[in-house]
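The values are calculated or read from the model by the stated rules, or taken from the named source; none is laboratory data. Keep in mind it's a predicted model, so treat the numbers as computed, not measured. Here the Cβ positions follow ideal geometry from the backbone for every residue, glycine too, while neighbour counts run over all protein chains shown.
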């Protein structure tokens, strides 16, 4: 890999040409390895919002924040486990979930992810999601494409020859599938899927549901409850890079950087072939 040239706030953002994309992917791989290593000592604590946090969350966050500081100096990073969230953002900023699916992680499940999303002008530009326990990384740059690659338990990435391009699939009548939560699915989501004629279910945890849409294993992933921007940004970018879209439930544009809302998102729907899904339901 060529020596990456740091991106500096206010300059043109190029990822592939300057080697930043590979360097950021390697940082996500290192964070993924850290989550695997920390499984021998979970050190679970309960946060003020009553959700769990572990040593793995904090190790992963430290690696990713350091990488962003080195590779993108001057760019604000917003991460779930920060003691205080930034109140001012630039045109470009980074959203990090160092361990999405902490409950699954604590339970010993493989369905947790490490997420890093890059936002420009309030819209997702690029996303990297690692699935540490499966040795996989999904990544995509909007307008360029999405791909899946393997990583070793030590964090080494696959050679270019072993990288697979991924894309959303065309919706098929009578065979629509939804990526849904493995542990719970609410009545509103069931009603939406029934209305759209989506009979199949692909249960999985964390942001892995975005990956299932992006690689063509599911047509839709609805999240009709409140979540946070760092849970969504990387997956949003991945799905968009793979040819899909992520919208508000009414079809509106989902934007990022809502500081006044404490980076909360009320609801969203990730679509593979949105027109096809809606057309089949008509």
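Select from region 224-245 the residues that are buried (at least 24 other Cβ atoms within 10 Å of the Cβ) and more than 11 Å from the chain's Cα centre (by Cα) and list them in ascending order.
Across region 224-245, the qualifying residues are 240, 241, 242, 244.
Which one of the conditions (1) closer than 25 Å to residue 160 by Cα; (2) part of a loop (DSSP other than H, G, I, E, B); (3) modelled with pLDDT of 85 or more does residue 5 fail to meet, given that it meets all the rest?
So residue 5 meets the others, but not (3).
Taking residue 205 and the conditions (1) assigned by TED's automatic domain parsing to the domain that holds residue 234; (2) modelled with pLDDT under 95; (3) exposed (fewer than 15 other Cβ atoms within 10 Å of the Cβ), which numbered condition does it fall short on, given that it satisfies the others?
With (1) assigned by TED's automatic domain parsing to the domain that holds residue 234; (2) modelled with pLDDT under 95; (3) exposed (fewer than 15 other Cβ atoms within 10 Å of the Cβ) applied to residue 205, the lone miss is (3).
Take region 27-49 and flag every residue that is buried (at least 20 other Cβ atoms within 10 Å of the Cβ) and in contact with a strand residue (DSSP E or B) (Cβ under 7 Å, 6 or more places away or on another chain).
28, 29, 31, 32, 35
Quick check on region 180-195. Is at least one of its residues over 29 Å from residue 106 (Cβ atoms) and either assigned by TED's automatic domain parsing to the domain that holds residue 112 or surrounded by 22 or more Cβ atoms within 10 Å (Cβ to Cβ) (or both)?
For region 180-195, residues over 29 Å from residue 106 (Cβ atoms) and either assigned by TED's automatic domain parsing to the domain that holds residue 112 or surrounded by 22 or more Cβ atoms within 10 Å (Cβ to Cβ) (or both): absent.
Going by what's in this entry, would residue 147 be described as buried (at least 18 other Cβ atoms within 10 Å of the Cβ), without any contact (Cβ under 8 Å) to a residue 60 or more places away in the chain, touching a strand residue (DSSP E or B) at 6+ places or on another chain (Cβ under 7 Å) and under 22 Å from residue 262 (Cα atoms)?
Answer is no for this residue.
Would you mention how many residues in region 103-135 are surrounded by 24 or more Cβ atoms within 10 Å (Cβ to Cβ) and either over 21 Å from residue 43 (Cβ atoms) or under 14 Å from the mean Cα position of the chain (by Cα) (or both)?
So the answer is 15.
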